[in-house]
Structures are given as C-alpha cells and as structure tokens.
Amino acid sequence: SFTFPLVGVTVAARTAWPGHEGDAEAAALDPYHSQFALTGGEDFGDESDMLAGIALYAASEGGKALGLIINGGAIVKREAHARSTGPLKMPLLVLDDSGRFADELAEAVQNGSSSDPVVQEMLEQGEVHVLSAHTGARGLRQWLEGYFGVSPVEELP
C-alpha cells in the first residue's frame with residue numbers, strides 16, 4: 001500500500017504492461033509505482049517533458065518541484081539542461097561523486113563556470129544545488145526537509 005502517489009512516466013513504445021508485452025527490449029512497469037503516464041516517442045528520454053510537467057503541476061498548489069541528478073549520461077545532461085533553461089524549469093539537486101554527468105555538473109557549480117557551453121548555460125540560467133553522495137540517507141533527507149520546509153516526521157534508523 002502507498003502512503004503517497006508515486007507516478008511512473010515512461011515511453012509507451014519501450015514499455016511492457018499486462019496485456020501489452022512490447023518488443024524484446026521493452027521494460028516492465030515498476031510495481032512500486034501507484035500510477036503511470038505513458039507518453040509518445042521512441043526512446044527513453046522522450047518522456048522528459050511529461051515528467052517535468054507532472055512534477056510542476058503537482059507542485060503548483062503551493063509546493064515545490066526539484067530535479068535530482070545522480071550519475072547520468074547524455075539523456076540526463078539533455079534533461080538537466082531543459083529543466084535549467086527551458087519553459088518547464090525547476091531547481092536541480094546534484095549528488096556529487098555519484099558519477100558521470102552529475103560529477104561534471106557538480107564540479108562546474110563548485111568552480112562557478114564550465115568550458116562546456118551547455119553546462120555554462122545551466123549555471124547562468126538555472127538553480128543548481130550540490131550535495132555529496134557520501135552524505136548518506138540521513139544527510140540527503142535533512143537537505144530535502146530543509147529545501148521543502150518540512151519538519152522531520154521520524155528519525156531514520
């Protein structure tokens with residue numbers, strides 16, 4: 001049972017669900033999500049605007065939205081740029097030392113600039129926060145509670 005809605009957003013063409021097995025490379029819907037939004041497009045990453053739109057709509061009733069970057073490659077870089085500079089804009093939290101693009105972006109934030117024009121545009125137009133991946137679950141939870149302005153409900157074990 002869920003205590004909050006957890007909406008999965010994915011490209012229908014790359015997804016299998018009961019009654020629709022998809023192609024041999026189709027990913028199954030995650031049973032830990034309470035609802036799903038299936039989008040058009042052909043590749044993973046094509047669902048990005050729908051995902052951001054849902055998050056921003058959910059936050060429109062006085063809440064906040066936040067993009068979380070952990071590791072990631074070209075799709076994550078494209079998504080982070082869109083969320084930093086585009087019409088579906090939201091703040092980002094980057095977990096430094098989680099690998100690949102996350103580390104590149106964290107380093108740029110810490111240096112205040114980047115030689116990559118896409119990353120530099122993110123720094124100039126976006127709101128990017130950095131937290132070490134080594135802070136652990138407790139540190140991440142405390143950061144998120146502070147960002148979202150909520151009081152701790154219970155202590156982590």
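Can you name the condition, by its number, that ASN71 falls short on among (1) under 17 Å from LEU131 (Cβ atoms); (2) surrounded by 20 or more Cβ atoms within 10 Å (Cβ to Cβ)?
Checking ASN71 against (1) under 17 Å from LEU131 (Cβ atoms); (2) surrounded by 20 or more Cβ atoms within 10 Å (Cβ to Cβ), the one that fails is (2).
Could you list, in sequence order, all residues of segment 25-66 that are part of a loop (DSSP other than H, G, I, E, B) and under 22 Å from GLY146 (Cβ atoms)? Steps first, answer last, please.
In the first step, residues of segment 25-66 are kept if they are part of a loop (DSSP other than H, G, I, E, B); the result is 25-26, 29-34, 40-47, 60-66.
Those that are part of a loop (DSSP other than H, G, I, E, B) and under 22 Å from GLY146 (Cβ atoms): SER60, GLU61, GLY62, GLY63, LYS64, ALA65, LEU66.
Anything in segment 95-116 that is surrounded by fewer than 19 Cβ atoms within 10 Å (Cβ to Cβ), farther than 17 Å from ARG78 by Cα and charged (D, E, K, R)? List them, or say none.
ASP97, GLU107
Looking at this structure, is VAL119 within 18 Å of GLY67 (Cβ to Cβ), in contact with a Leu (Cβ under 9 Å, 6 or more places away or on another chain), without any contact (Cβ under 8 Å) to a residue 60 or more places away in the chain and open to solvent by less than 30 Å² (accessible area, probe 1.4 Å)? Show your work before the answer.
On the way: within 18 Å of GLY67 (Cβ to Cβ): yes; in contact with a Leu (Cβ under 9 Å, 6 or more places away or on another chain): yes; without any contact (Cβ under 8 Å) to a residue 60 or more places away in the chain: yes; open to solvent by less than 30 Å² (accessible area, probe 1.4 Å): yes.
In short, yes.
Scan segment 144-157 for residues that are open to solvent by less than 60 Å² (accessible area, probe 1.4 Å) and either modelled with pLDDT of 95 or more or not in a helix (DSSP H, G or I) (or both) and report the count.
1
Can you tell me which residue is surrounded by the fewest Cβ atoms within 10 Å (Cβ to Cβ) among those in segment 123-142 that are in contact with a helix residue (DSSP H, G or I) (Cβ under 9 Å, 6 or more places away or on another chain), assigned to a helix (DSSP H, G or I) and not hydrophobic (A, V, I, L, M, F, W, C)?
GLU124
Pull up segment 80-94, narrow it to residues that are open to solvent by 20 Å² or more (accessible area, probe 1.4 Å) and not in a loop (DSSP other than H, G, I, E, B), then point me to the one that is nearest to VAL130 (Cα to Cα).
Result: HIS81.
Can you pull out the residues in segment 67-97 that are within 21 Å of LEU144 (Cα to Cα) and over 14 Å from the mean Cα position of the chain (by Cα)?
Matches in segment 67-97: ASP96, ASP97.
The values are calculated or read from the model by the stated rules, or taken from the named source; none is laboratory data. Only a predicted model underlies this, so the values are computations on that prediction, with no experimental measurement involved. Reconstructed Cβ throughout: ideal geometry from the backbone, glycine too, with neighbour counts over all protein chains shown. Just so you know, the surface numbers come from the protein's heavy atoms only, side chains and all, with ligands and any DNA or RNA stripped out. Shrake-Rupley method; radii C 1.70, N 1.55, O 1.52, S 1.80 Å.
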